[in-house]
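Remarks on the structure that follows.
The values are calculated or read from the model by the stated rules, or taken from the named source; none is laboratory data. None of the values given here were measured: they were computed from a predicted structure. Because the Cβ atoms are built from the backbone with ideal geometry, glycine has one as well, and the counts that use them run over all protein chains shown.
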């Protein structure tokens with residue numbers, strides 16, 4: 001189970017309910033929609049998919065099993081774009097946590 | 001600095017950012033009065049001391065090659081990133097989306113984090129404080145129709161800037177930053193300086209000038225519209241009882257002009273280089289050849305009065 005966090009040092013700005021991220025090296029500008037912006041804020045700390053879904057559960061009415069693949073897909077996209085990176089700490093194992101395994 | 005077309009309407013500026021081929025020059029060409037085109041290529045935008053965002057003309061043109069003569073900064077009223085379409089359409093942009101669109105067309109020569117953070121902060125403030133619309137228009141869409149359709153907040157009407165106010169603004173920028181660029185108009189310096197040439201001016205005091213330098217000075221008129229920003233060749237400086245008298249002449253005109261520095265006119269600076277088309281010509285290397293000509297002019301009208309040269 002891996003944890004991800006947003007890449008350190010990337011300039012970003014929250015405008016109303018959305019986030020604009022600038023990748024100076026890649027000369028790219030990214031705009032996140034409202035939900036993605038919430039995830040981005042939660043990624044200030046290292047999180048697993050399961051942890052993120054648990055956080056979003058309190059904010060959205062969508063069921064966790066619907067959210068999870070979408071969150072997972074979004075995190076992969078963030079990582080692919082170089083906007084998120086693997087955290088340094090290990091998530092608790094499934095056995096010790098007793099919950100559903102994370103996907104990343 | 002935004003890659004954009006900027007036009008003036010009702011004493012305010014409208015910024016139309018866009019990539020190459022998005023229609024910036026097409027739009028600029030549709031503006032009836034070239035004076036109302038600030039640029040069709042690169043537009044400096046900054047928050048002025050009065051707290052308002054202002055857009056300025058620049059000496060950089062795209063395909064339109066017209067306009068860019070306004071010396072004043074114009075309050076920015078709205079932004080409309082451009083795209084091609086079959087008919088005119090406008091869509092309000094969320095500040096985040098607007099920020100991304102304007103950032104994509106902003107010039108940033110550095111790729112370090114600090115520069116990007118600063119650029120993002122400036123552009124996001126700009127796009128949060130001004131209305132931004134995505135605009136698509138066809139080649140034939142009249143500019144008046146575009147302006148009428150843009151749902152912008154009404155600008156408190158103020159009289160059009162007088163020539164005096166515009167020169168005053170140029171003087172203020174030159175004093176503050178030490179350099180300024182403007183487009184030449186008129187024919188008195190032909191062929192060295194032609195209509196539409198871009199003139200880069202640096203602030204200079206009379207002590208540092210030598211005959212042959214191209215100098216810029218503010219010659220006041222009887223009313224605010226009668227003021228002129230003049231670029232002529234320096235013939236001489238003369239110390240007089242009243243102060244320093246500057247003697248100049250346009251290369252293409254027979255008249256010699258003189259003024260009491262700081263009294264009858266104000267010397268603002270000298271020309272550092274001139275750009276005509278894609279080529280830049282520093283003026284320094286031409287001074288030597290011009291000194292001879294300048295001196296030959298000098299003797300004619302002033303020897304009779306017995307004035308000495310500074």
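Hey, does segment B:122-134 have a residue that's modelled with pLDDT under 85 and either over 15 Å from residue B:2 (Cβ atoms) or not in a loop (DSSP other than H, G, I, E, B) (or both)? Let's see the steps before the verdict.
Taking segment B:122-134 first, the residues modelled with pLDDT under 85 are none.
Within segment B:122-134, not a single residue is modelled with pLDDT under 85 and either over 15 Å from residue B:2 (Cβ atoms) or not in a loop (DSSP other than H, G, I, E, B) (or both).
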Within segment B:214-236, restricting to residues that are over 21 Å from the mean Cα position of the chain (by Cα) and modelled with pLDDT of 90 or more, the one that is surrounded by the most Cβ atoms within 10 Å (Cβ to Cβ) is B:235
Looking across segment B:98-122 at residues that are touching a residue at least 24 places away in the same chain (Cβ under 8 Å), touching a strand residue (DSSP E or B) at 6+ places or on another chain (Cβ under 6 Å) and within 16 Å of residue B:46 (Cα to Cα), the single one that is surrounded by the fewest Cβ atoms within 10 Å (Cβ to Cβ) is B:106
Inside segment B:89-112, the number of residues satisfying the requirement of being within 7 Å of chain A (Cβ to nearest Cβ), part of a helix (DSSP H, G or I) and within 17 Å of residue B:78 (Cβ to Cβ) is 3
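Taking the residues in segment A:74-104 that are in a helix (DSSP H, G or I) and surrounded by 11 or more Cβ atoms within 10 Å (Cβ to Cβ) as candidates, determine which candidate is modelled with the lowest pLDDT.
Taking segment A:74-104 and keeping what is in a helix (DSSP H, G or I), we get A:74-80, A:94-97.
Subsequent filtering for residues that are surrounded by 11 or more Cβ atoms within 10 Å (Cβ to Cβ) retains A:74-79, A:94, A:97.
On the way: A:74: 93, A:75: 93, A:76: 92, A:77: 92, A:78: 92, A:79: 92, A:94: 46, A:97: 40.
Ranking the candidates gives A:97 first.
Looking at B:34, B:80 in this structure, which one is in contact (Cβ under 8 Å) with a residue 12 or more places away in the chain and touching a strand residue (DSSP E or B) at 6+ places or on another chain (Cβ under 7 Å)?
Numbers: B:34 fails: touching a strand residue (DSSP E or B) at 6+ places or on another chain (Cβ under 7 Å).
Just a single option satisfies the conditions, and that option is B:80.
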The lone condition residue A:8 fails out of (1) away from chain B (no Cβ under 14 Å); (2) touching a residue at least 60 places away in the same chain (Cβ under 8 Å); (3) surrounded by fewer than 18 Cβ atoms within 10 Å (Cβ to Cβ) is (1)
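Okay, residues lined up against (1) within 19 Å of residue B:44 (Cβ to Cβ); (2) part of a loop (DSSP other than H, G, I, E, B); (3) touching a residue at least 12 places away in the same chain (Cβ under 8 Å):
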{"residue": "B:175", "(1), (2), (3)": "yes, no, yes"}
{"residue": "B:180", "(1), (2), (3)": "yes, no, yes"}
{"residue": "B:225", "(1), (2), (3)": "no, no, yes"}
{"residue": "B:238", "(1), (2), (3)": "no, no, yes"}
{"residue": "B:248", "(1), (2), (3)": "no, no, yes"}
{"residue": "B:253", "(1), (2), (3)": "no, yes, yes"}
{"residue": "B:257", "(1), (2), (3)": "no, no, yes"}
{"residue": "B:275", "(1), (2), (3)": "yes, no, yes"}
